[in-house]
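Here's the structure we're looking at; comments come further down.
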Amino acid sequence: MANLNLLQAINQALDIAMAADEKVLCFGEDVGGFGGVFRATSHLQEKYGKARCFNTPLVEQGIIGFANGLAAQGSTPVAEIQFADYIFPAFDQIVNESAKFRYRSGNLFNVGGLTIRAPYGGGIAGGLYHSQSPEAYFAHTPGLKIVVPRNPHQAKGLLLAAIRDPNPVLFFEPKRLYRASTGEVPESDYQLPLGEAEVIKEGSDITLLAWGAQVEVMEQAAELAEKEGISCEIIDLRSILPWDAETVATSVLKTGRLVISHEAPLTGGFAGEIAATIQERCFLYLESPISRVTGMDTPFPLTLEKEYLPDRLKVFEAIKASMAY
Amino acid sequence: MTTTTSSLVHSPTFLKGDEFSIDTFALLKQDGSLFEGATAPELDREKALRIYHTMVFTRVLDERMLAAQRQGRLSFYMQCTGEEAAVIGSAAALDDEDMIMAQYREQGALAYRGFSCDEFMNQMFGNERDYGKGRQMPIHYGSAKLHYMTISSPLATQIPQATGYAYGQKLAGDGHCTITYFGEGAASEGDFHAALNMATVHKVPVIFFCRNNGYAISTPAVEQFAADGVAPRAFGYKMRVIRVDGNDVLAVYQATLEARRLAVEHNQPVLIEAMTYRLAAHSSSDDPSGYRSKKEEEAWREKDPILRMRRWLESREWWSDEEEKALQERLRREVLETMKVAQKRPAPPLESLITDVYDTPTPQLNEQLKALEAHIRRYPEAYPKSSSRVSPTSSSAVTGQGGH
Ligand SMILES: Cc1ncc(C[n+]2csc(CCOP(=O)(O)OP(=O)(O)O)c2C)c(N)n1
């Protein structure tokens, strides 16, 4: 075990995947010699050569179109989009192509080898275009898997699973935690399951659900709540698509209450989907309405970022409101 | 209908894409003298000095703001250093009412138009006087008054927009054109190709100005494209094109002047590729020592565009050491003093979170603002930028938008 930060864990996962299988390639803007603007791909070009780890020209639709072709050919591309905000030029390639390759060809062809990595989320003074959480756009697209790790241990295990999963996977990395989150990470090659949520803390009064960087916020809010004698169960969803309704419903059947949090705007956010499903499954057990603590229905601001973001105090208030309903 | 007048040949002949290269237009040598056979464009003293002052201002601003970023006073900064001649020389060749749609490294063009030091600072500190209302990272300037479109971070998106804007100018018949700036990296985006194609098809008065500064963050131009730069792409679209020495302010000025004439008088879009070098890091978050040598940088430092212009000015006796010293000192003081004031100005009001999303905020947005205000009232110490502005009792629903 070594103490790694989230970036180092991602780097290690890529290293292991490339060493284990020569069909694995990684590429994207500045990914080659420099190792990516966040350094997630450091030293991979030195180790595996320019044919397998390289810079691309600056064109996201080209990167993902190229990756789709490569994956269809049988390779295992891990394409980096420099910021999740810049995944939209590749939206067509992802939504219309990656997601539908297998379906439209009756499984004659597929791009299951494809993994797309992108740093996402706020809290880094990035303003409009370096802070977005675009998972909900893609969650509306059957055929994709969407995964969001919350710490280094998860990042390594989930990324290895994503690379080896026979479906196209979007892997959104919480960039605020890149260097801030550190933890023990096994040296070994291990995988964590996609599509399974993780109960990270058991409790009896209320369920708190989040993913990525927002999990930490839930933990902080739970601390405040516990001081007032409220017992919180915390779940990290980990996979947005497919998502683990079973684990969440089981928890809510026990606690009778649910607070969901994400940074993306409220309207059309993935919390809405979860709330609808859990309400269907747990209606008679709910003690209060399912509550969402999210970003506002605005683009991401800069100066008032703190005001905009769902934080521990906002979650704490939602917990109290739910308890007092 | 096909659009070619191609004749038939009967052996397989492949034209070679690598067989031609485009010349570089240059007038001014590094010592400030003209190349043999070169004639300086008509540029009176007043205009020459306006250009030069702007170049020096931009350099001083860059140095000071980078230092401010290093001291933690500013979250982010991007320098224009090394590219002042390309940016300011071209902006100076335009009419002040032509539209500028820039990428992000063109503070010089905006300064040339008269954006004040204070205006720069307010944007960078995202305070209540920032025209963009504190929503974007530092350097995302905009000014409707100065015909400078607000910067957007997603690369290349402004390029097809420039084609559209200029088409509107053509229809309006106001005699103006649009210039759009972008890097050789951004020119890889699909948007670039769409923009050039539509511009020639629809005969649009637009100038595409590529700052080929050698790098897109860490990616050198040789890993960006295999071709001889960006300029040859114009042929594919049947577009006028010129490559200029981007560190030669006179060449850039003259080339842009002529491009503007073609655009405005003949509705001919033009591509200009200015060959230059990004002397600074990509941004304050970048460290170029990870991907290029000091030696390479030094070689380009020798070609400093500001020094080159200064020598030319001196050769005409339009400039002196004393004037230089006085200018530098004045600008340094101005930048520092303005910064201090801007840094202390309050943040934009809380309502600015929900204005400008639509022309008027939706009921949902008003509700969200109300809830946020109530929350801040409960925890004022956690939101110091806004708590003093939230009234202790009433909530503010926004019904109309104050605008610029
Ligand atoms: C669509 C998009 N992709 C990626 C980025 C991240 N990014 C910002 S600047 C930059 C490099 C741009 O290089 P170039 O266009 O050559 O301009 P220069 O910085 O050299 O002036 C990149 C990749 C972005 N802003 N937008």
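The values are calculated or read from the model by the stated rules, or taken from the named source; none is laboratory data. Computed from a predicted structure; not experimentally measured. Using ideal geometry, Cβ is built from the backbone for each residue, glycine included, and neighbour counts are taken over all protein chains shown. Ligands, DNA and RNA are excluded from the accessible area calculation, which covers all protein heavy atoms including side chains. Shrake-Rupley method; radii C 1.70, N 1.55, O 1.52, S 1.80 Å.
With a ≥ b ≥ c taken as the square roots of the eigenvalues of the C-alpha gyration tensor of region A:54-131, please select rounded if a/c is under 1.5 and otherwise prolate if a/b is larger than b/c or oblate if it is not?
Details: a/c = 2.60, a/b = 2.02, b/c = 1.29.
Prolate shape, in that a/c is at least 1.5 and a/b is the bigger ratio.
If you put +1 on each Lys and Arg Cβ and -1 on each Asp and Glu Cβ, how big is the dipole of region B:55-120 around its Cα centre, in Debye rounded to 20? Intermediate results must be reported in sequence, preceding the final value.
Values: 6 positive and 11 negative charges, 100 e Å.
Once rounded to the nearest 20, the dipole reads 480 debye.
Anisotropy class assigned to region A:186-325 is rounded, per the alpha carbon gyration tensor with a/c under the 1.5 cut-off. Taking square-rooted eigenvalues a ≥ b ≥ c of the alpha carbon gyration tensor, is region A:88-179 rounded, prolate or oblate, where a/c under 1.5 means rounded and, failing that, a/b exceeding b/c means prolate? Oblate.
A loss of 30 Å² or more of accessible area (1.4 Å probe, protein heavy atoms, ligands and nucleic acids excluded) relative to the isolated chain is seen in these residues of region B:201-229: B:Ile217, B:Ser218, B:Thr219, B:Glu223, B:Gln224.
Per residue, the accessible area of the protein assembly as shown comes to 41 Å², computed with a 1.4 Å probe over protein heavy atoms only.
Taking the chain by itself as reference, region A:262-298 contains these residues with an accessible-area loss of 10 Å² or more in the full protein complex (1.4 Å probe, heavy atoms): A:Leu266, A:Met296, A:Asp297, A:Thr298. Per residue of A:307-313, other chain Cβ atoms within 10 Å of the residue Cβ number 4 on average. Using a simple spin-label model with pseudo-atoms 7 Å out from Cα toward Cβ, B:Ser285 and B:Glu19 lie 4.6 nm apart.
Counting only Cβ charges, +1 for Lys and Arg and -1 for Asp and Glu, the dipole size of region B:1-65 around its Cα centre is about 200 debye.
Between B:Gln364 and B:Ser320, what's the calculated FRET efficiency when r is the beta-carbon distance and R0 is 56 Å? Round to 0.05.
On the way: r = 63 Å, r/R0 = 1.12.
For B:Gln364 and B:Ser320, the calculated efficiency is 0.35.
Output the pairs from B:Lys145/B:Lys325; A:Lys306/B:Lys370; A:Lys175/A:Lys254; B:Lys170/B:Lys238 with a Cα-Cα distance over 23 Å in this structure; if there are none, say none. Over 23 Å Cα-Cα: B:Lys145/B:Lys325; A:Lys175/A:Lys254.
For A:Thr267 and A:Met323, the FRET efficiency from 1/(1 + (r/R0)^6), where r spans their Cβ atoms and R0 equals 25 Å, is about 0.45. Taking all protein chains together and a 1.4 Å probe, the residues A:Trp243, A:Trp211 rank A:Trp243, A:Trp211 from largest to smallest accessible area. Taking the Cα centre of region B:1-153 as reference, the dipole from Cβ charges on Lys and Arg (+1) and Asp and Glu (-1) amounts to some 660 debye.
A Förster radius of 35 Å combined with the Cβ-Cβ distance from A:Met1 to A:Ser204 puts the calculated FRET efficiency at roughly 0.60.
If DNA, RNA and ligands are ignored and the probe is 1.4 Å, what is the ranking of B:Arg105, A:Arg104 by accessible area, most exposed first?
A:Arg104, B:Arg105
A dipole drawn for region A:16-80 from +1 and -1 charges on Cβ atoms has a positive end, and of A:Gly62, A:Phe38, A:Ala51 the residue lying farthest that way is A:Ala51.
Which whole number gives the average count of other chain Cβ atoms within 10 Å of the Cβ atoms across peptide A:122-129? Before the final figure, lay out each step's value.
Working: counts 0, 0, 2, 5, 5, 11, 8, 7.
Average neighbour count from other chains, rounded to a whole number: 5.
In terms of packing, defined here as the mean over residues of other Cβ atoms within 10 angstrom, the peptides A:301-308, A:45-52 line up highest first as A:301-308, A:45-52. Chains B and A together bury some 3300 Å² of accessible area, summed over both sides, with a 1.4 Å probe.
Ordering A:Ala221, A:Thr250, A:Gln154 by the projection of their Cα atoms onto the charge dipole of region A:128-263, which places +1 on the Cβ of Lys and Arg and -1 on the Cβ of Asp and Glu, puts A:Gln154 at the extreme positive end. Residues of region A:150-176 with an amide N closer than 11 Å to a point placed 7 Å from the Cα of A:Ala20 along the Cα-to-Cβ direction: A:157-165.
Partner lysines whose Cα lies under 28 Å from the Cα of A:Lys100, excluding those fewer than 8 positions away in the same chain, are identified as A:Lys23, A:Lys145, A:Lys156. For region A:179-206, backbone nitrogen atoms closer than 13 Å to the point 7 Å from A:Leu284 Cα along Cα-to-C-beta are found at no residue. Divided by 2.2 N^0.38 Å, where N counts the residues, the Cα radius of gyration of region A:141-220 comes to 1.15. Element breakdown for chain B at a 1.4 angstrom probe: carbon and sulfur atoms account for 52% of the accessible area. Accessible area ranking (1.4 Å probe, heavy atoms, ligands and nucleic acids excluded), largest first, for B:Met149, B:Met309, B:Met137: B:Met149, B:Met137, B:Met309.
Give me the residues in region A:43-63 whose solvent-accessible area, probe 1.4 Å, is reduced by at least 10 Å² once all protein chains are included instead of the chain isolated. Checking the loss per residue gives A:Lys50, A:Asn55, A:Thr56, A:Pro57, A:Leu58, A:Val59, A:Glu60, A:Gln61. The value obtained for the protein assembly as shown, namely the Cα convex hull volume divided by the number of residues, is 193 Å³ per residue. Per-residue 3J(HN,Hα) values for region B:179-184, derived from phi via the Karplus relation 6.51 cos²θ - 1.76 cosθ + 1.60 with θ = phi - 60°, read 10, 10, 9, 6, x, 5 Hz in sequence order (x marks Gly and Pro). Inter-part distance, region A:171-230 to region B:238-287, computed on C-alpha centroids, equals 50 Å. Spatial offset of region B:74-103 relative to region B:45-73 amounts to 12 Å, using the alpha carbon center of each.
For chain A, carbon and sulfur atoms together expose 53% of the accessible surface, with a 1.4 angstrom probe and every protein chain in place. 3J(HN,Hα) couplings calculated from phi for region A:313-318 with the Karplus curve 6.51 cos²θ - 1.76 cosθ + 1.60 (θ = phi - 60°) are, in sequence order, 5, 5, 5, 4, 4, 5 Hz; Gly and Pro show x.
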